Amino acid sequence: MGTFSDSVQTYLRTSGYSQKELADELGLHPKVLSRKLNGSGNAQLTRLEVQRIIITLARWRVITAQEEALHLLELAEVEPGIFSDDQWRTPPLNTLAAKRAQPTPFYDSSFPTYTHQHNLPAPTTRLIGREWAVGRLRQLLRREDVRLVTLIGSGGSGKTRLALYVASELVGMFAQGVWFVELARQHDPALVPMSIMQALNIQSTPGFPPLQSLLTYLKNRQLLLVLDNFEQVGEATPVVDEMLAAVPGLKVLVTSRAVLRLSGEHTFSVPPLDVPDPYNAPEKRELSHYGAVQLFIERAQAIEPDFALTPENAAVIAQICAKVDGLPLALELAAARVKVLPPALLLERLSKARLPVLTRGALNLPSRQKTLRNTLTWSYNLLSSAEQAWFRRLGVFSRSWSLEAAETMMRDGAEDSKETPVSSSPLDMLEQLVDNSLLVRAPAENGQARFTMLETLREYAMERLADHGECERMRDWHAVYYLREAEAAERGLRGPQQLVWLSRLGADRDNFRAALEWSLQRAREGTRISAIFSAQPTGERIAVAGSRTFYSQGVPSNGLLAIELCLRLSAALRPYWEWQGSLTEGRYWLGTTLEVPLDGRVGETALAARAKALSEASRLVCLQNDQARAVELAEESIALWRQLDDPSGLATALLHRGWAAHAQGEYETAKLVYWEGMEHLSPVEDTWLRAQLLFYVGAAAGFTYDFEQMREFYRQSRELFEQVGDTSAVADVLKDQGGMSLLEGNCEQAIQYLLKSMKLCYELGHKQYMTTGMCLLSLAFGMREKPDPATASIHSAQLQGAADGLMDAIGLTPWTRSNPIVQMVRQHIRSRVDDQSWQAALSAGRALSVEQAIDLACQLGEDQQS
């Protein structure tokens with residue numbers, strides 16, 4: 001490990017904790033911790049933060065020995081004396097092993113001591129990418145209090161190879177040696193004692209059961225047994241328990257796809273090899289440090305000696321390694337294909353389907369390892385029928401999913417008499433699948449437990465789902481469930497828990513995309529989405545933002561049209577796409593879904609779904625400055641809402657119609673439309689929507705120079721937003737107040753409002769608001785002309801460059817780009833410096849990160865007060 005930062009990040013990655021969880025423990029924003037760990041912008045960890053990081057790692061049991069803590073201190077260039085003697089003697093530091101424990105010589109002196117005794121097979125390839133795991137296992141097995149270690153992992157993860165390597169390093173530590181027991185071909189748990197005796201080359205005592213003979217032989221001896229592929233004989237766990245109880249000098253290292261669940265067992269997860277980010281592949285030199293890449297290259301070179309990692313194929317190889325999850329077996333099978341497929345074509349085949357490509361393993365491998373499908377089938381066949389059913393059904397989720405989602409699926413399935421019931425609680429079933437190395441607990445998100453599945457396992461699960469004829473209805477269930485989640489989140493983003501909902505939406509982004517893809521496919525076929533596994537409690541009435549129609553209907557028991565689901569889902573996700581700066585993606589889904597025609601006989605809810613999608617699409621189109629199209633979409637939405645007599649939907653559509661008029665400079669039209677929207681709301685109805693309408697009436701008043709009315713409406717809307725707890729809307733109002741202060745000619749007040757808004761937007765991560773706020777700040781500092789006009793123009797160009805970079809990243813085209821007044825002001829600011837200086841400042845601004853741009857704006861804002 002080269003640096004303190006590298007070491008900490010490696011510890012986190014291999015232990016399952018996230019950098020965000022560490023940041024939360026330290027009370028730092030995740031981005032701040034990232035900058036400090038990476039030394040960006042001269043940010044450095046303080047001595048106290050180094051101390052707290054080590055304490056946290058010890059409390060999480062990520063580090064288990066004093067020497068690890070001391071090594072981290074050395075890397076951080078902090079002396080060990082930073083921890084007092086009392087701290088070393090109290091939790092969590094006192095849980096760290098003070099020294100590498102030496103084995104206690106329990107064997108009787110009458111037995112001769114043999115060194116270097118073993119039956120370990122000689123390796124034919126080198127171990128790659130497991131340095132950290134080897135060190136931890138070696139340390140674990142040397143501890144006096146550790147006598148049973150189980151290496152668990154999915155098929156093909158390299159458990160046996162790792163166990164053999166560690167065992168070979170520890171041969172000299174045990175007086176009677178290290179013995180490898182292959183159990184893959186053993187199917188009868190009762191014969192496990194005999195398998196161990198055969199490995200030890202001992203005979204059974206006549207008249208005694210094999211286990212008794214084995215215990216008699218082992219008594220007073222000191223040795224390490226490596227029991228490989230124990231999942232085959234899981235019912236033999238009592239044998240391991242009895243051996244450990246009867247033989248104090250015995251240690252057992254087990255490889256298994258499932259934990260043994262014995263007291264005193266230390267489980268050690270063998271994860272896949274480290275893979276680079278396939279969407280942001282590092283340079284060739286850095287790429288070669290990843291274990292998955294090293295293994296792929298080495299195995300490919302064994303087949304094609306001239307094969308090499310080059311700048312041209314580096315990105316493709318990174319994607320290949322990610323595509324097979326970094327599984328050693330899958331990497332070896334993929335590398336074998338370079339004989340006939342260049343990397344680009346290999347990636348193309350893997351992207352279509354992995355399992356048909358990952359075949360033709362070496363002849364000297366067991367049959368279960370000659371294809372990845374064989375390996376996975378081996379694991380699948382060891383499951384009970386209920387475990388098999390829920391494993392394949394969980395494959396319908398994308399990337400990761402919440403405990404709540406899995407429990408809902410299992411409860412719904414258990415209520416359906418046709419389904420395989422969950423023999424125990426859903427939580428117990430999930431734990432069984434985790435224990436069998438088929439699921440992985442993903443890092444928690446806002447206190448929400450999450451699970452994931454390797455993509456190779458997911459592909460296999462979906463194959464089994466199709467074989468059982470369950471694929472269609474499970475994908476239907478998935479789509480209905482995530483529709484409900486999206487519509488709940490849409491309401492949640494308007495209240496005090498908006499950051500919690502934002503995090504939940506982000507965590508399930510891949511599931512929403514999968515639900516959209518499936519429902520769109522079904523919509524084009526003109527089919528219904530089944531409501532079996534309804535994902536909605538019977539009789540529960542759920543309000544949907546912007547429509548009374550959905551509240552009264554909910555999701556009917558006979559399902560709903562796929563086009564309705566797709567329209568509702570894409571419309572509900574619009575606020576999230578805007579918040580995250582994914583305007584292009586949002587416009588794609590809404591536009592593509594709206595292209596699917598509705599049958600003329602559809603019911604009210606399908607019409608309402610289209611009306612809402614049209615309205616939300618109008619908002620996104622307006623943000624991309626396509627105002628003529630925005631008007632068309634809003635008008636069509638308004639007509640449908642009037643037909644349905646839905647006042648909430650109509651008021652929302654009128655809000656978006658007013659937005660388009662606003663952007664076109666038709667302020668009187670905008671005011672009339674906003675007022676009409678408010679007329680459709682009762683005095684106590686939809687506080688949030690009323691606040692939005694008041695907000696934009698105020699903005700329209702400002703553009704018609706009625707500043708007194710503008711301020712009054714801004715005040716009212718802000719109070720209502722604060723009442724419902726929508727901090728993002730408060731930031732939006734502050735941003736608009738800043739822009740209007742510029743219109744009034746009050747640059748100092750504009751900067752104050754805009755900086756308050758920007759700080760809130762940054763905390764909330766609202767990329768659209770941050771981008772438009774940065775544009776206005778650029779104008780404000782340029783118009784202020786401090787400390788002098790030329791310098792102000794340079795500062796304005798820098799902030800405009802940062803804003804332009806953000807606009808390009810999120811697909812935003814603000815109406816200010818074509819507004820003649822704004823362009824006139826921008827040209828005036830630019831005219832005060834030469835083109836070369838302006839362009840240099842603009843480029844410098846584009847190179848700034850969001851944090852650096854905000855820091856610059858804050859610094860300029862502070863300078864104005866000094």
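Structure notes:
- Of all residues making up region 336-348, the number that are in a loop (DSSP other than H, G, I, E, B) and open to solvent by less than 20 Å² (accessible area, probe 1.4 Å): 0
- The test for being in a helix (DSSP H, G or I), out of contact with any Ser or Thr (no Cβ under 8 Å at 6 or more places or on another chain), free of Cβ contacts under 8 Å to residues at least 40 places away in the same chain and aliphatic (A, V, I, L, M) does not hold for residue 699.
- Of the residues making up region 770-793, those that are within 25 Å of residue 586 (Cα to Cα) and open to solvent by 20 Å² or more (accessible area, probe 1.4 Å) are 772, 776.
- Pair list, Cβ under 8 Å, 6 or more apart: region 194-213 residue aliphatic (A, V, I, L, M), other residue open to solvent by 30 Å² or more (accessible area, probe 1.4 Å) and in a helix (DSSP H, G or I): 194/210; 197/210; 197/217; 200/217; 202/217; 211/242
- Considering region 210-288, the qualifying strands (runs of 3 or more DSSP E), each wholly inside and each with 2 or more residues that are more than 28 Å from residue 441 (Cα to Cα), run over 223-228, 250-256.
- Residues that are acidic (Asp, Glu) and crowded, with 23+ Cβ neighbours inside 10 Å do not occur anywhere in region 668-689.
Yes/no matrix, rows are residues, columns are (1) free of Cβ contacts under 8 Å to residues at least 24 places away in the same chain; (2) over 20 Å from residue 582 (Cα atoms):
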residue: 765; (1), (2): no, no
residue: 791; (1), (2): yes, yes
residue: 794; (1), (2): no, yes
residue: 807; (1), (2): no, no
residue: 811; (1), (2): no, no
residue: 820; (1), (2): yes, yes
residue: 848; (1), (2): no, yes
residue: 861; (1), (2): no, yes
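For (1) open to solvent by 50 Å² or more (accessible area, probe 1.4 Å); (2) under 26 Å from residue 152 (Cβ atoms), each residue gets a yes or a no:
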site	(1), (2)
210	no, no
220	yes, no
246	no, yes
254	no, yes
263	yes, yes
293	no, yes
316	no, no
321	no, yes
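- Scanning region 794-839 for residues that are within 29 Å of residue 588 (Cα to Cα) and open to solvent by 40 Å² or more (accessible area, probe 1.4 Å) turns up 808, 809, 813, 815, 817, 818.
- Check on residue 61, out of contact with any Cys (no Cβ under 7 Å at 6 or more places or on another chain), modelled with pLDDT of 75 or more, among the charged types (D, E, K, R) and assigned to a loop (DSSP other than H, G, I, E, B): yes
- Every residue from region 477-519 that is farther than 18 Å from residue 546 by Cα and of a type in the set (Asp, Glu): 508, 510, 517
- Yes/no for residue 232 being within 17 Å of residue 146 (Cα to Cα) and among the polar types (S, T, N, Q): no
- The single condition among (1) in a helix (DSSP H, G or I); (2) touching a Phe, Trp or Tyr at 6+ places or on another chain (Cβ under 8 Å); (3) open to solvent by 20 Å² or more (accessible area, probe 1.4 Å) that residue 376 does not satisfy is (3).
- Filter result for the condition that a residue is part of a helix (DSSP H, G or I) and either modelled with pLDDT under 95 or crowded, with 24+ Cβ neighbours inside 10 Å (or both), over 522, 473, 513, 464: 473
- Test: residue in region 853-862 that is of a type in the set (Asp, Glu), under 17 Å from residue 758 (Cα atoms) and surrounded by 13 or more Cβ atoms within 10 Å (Cβ to Cβ): yes
- Residue within region 279-301 that is under 17 Å from residue 346 (Cα atoms) and free of Cβ contacts under 8 Å to residues at least 12 places away in the same chain present: yes
- Failed item, numbered, when residue 641 is tested on (1) of a type in the set (A, V, I, L, M, F, W, C); (2) part of a helix (DSSP H, G or I); (3) open to solvent by 10 Å² or more (accessible area, probe 1.4 Å): (3)
- Selection over region 484-520 of residues that are free of Cβ contacts under 8 Å to residues at least 40 places away in the same chain and within 13 Å of residue 566 (Cα to Cα) gives a count of 1.
- In the set 329, 333, only one residue is free of Cβ contacts under 8 Å to residues at least 40 places away in the same chain, buried (at least 20 other Cβ atoms within 10 Å of the Cβ) and touching a Ser or Thr at 6+ places or on another chain (Cβ under 9 Å); that residue is 333.
- Residue check, residue 813 within 24 Å of residue 851 (Cα to Cα), assigned to a helix (DSSP H, G or I) and hydroxyl-bearing (Ser, Thr, Tyr): no
- Residue ID - modelled with the highest pLDDT, chosen from residues in region 525-541 that are of a type in the set (A, V, I, L, M) and in contact with a Gly (Cβ under 6 Å, 6 or more places away or on another chain): 529
Table: residues versus (1) open to solvent by 20 Å² or more (accessible area, probe 1.4 Å); (2) more than 26 Å from residue 495 (Cβ to Cβ).
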site: 693; (1), (2): no, no
site: 700; (1), (2): no, yes
site: 706; (1), (2): yes, yes
site: 709; (1), (2): yes, yes
site: 714; (1), (2): no, no
site: 730; (1), (2): no, no
site: 734; (1), (2): no, no
site: 751; (1), (2): no, yes
site: 759; (1), (2): yes, no
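The values are calculated or read from the model by the stated rules, or taken from the named source; none is laboratory data. Remember, it's a predicted structure, so these values are computed and weren't measured experimentally. When we count neighbours, we look across all protein chains shown, and the Cβ atoms used for this are built from the backbone with ideal geometry, even at glycine. For the accessible areas, the whole protein counts, side chains as well, though only heavy atoms, and no ligand, DNA or RNA atoms are used. Shrake-Rupley method; radii C 1.70, N 1.55, O 1.52, S 1.80 Å.
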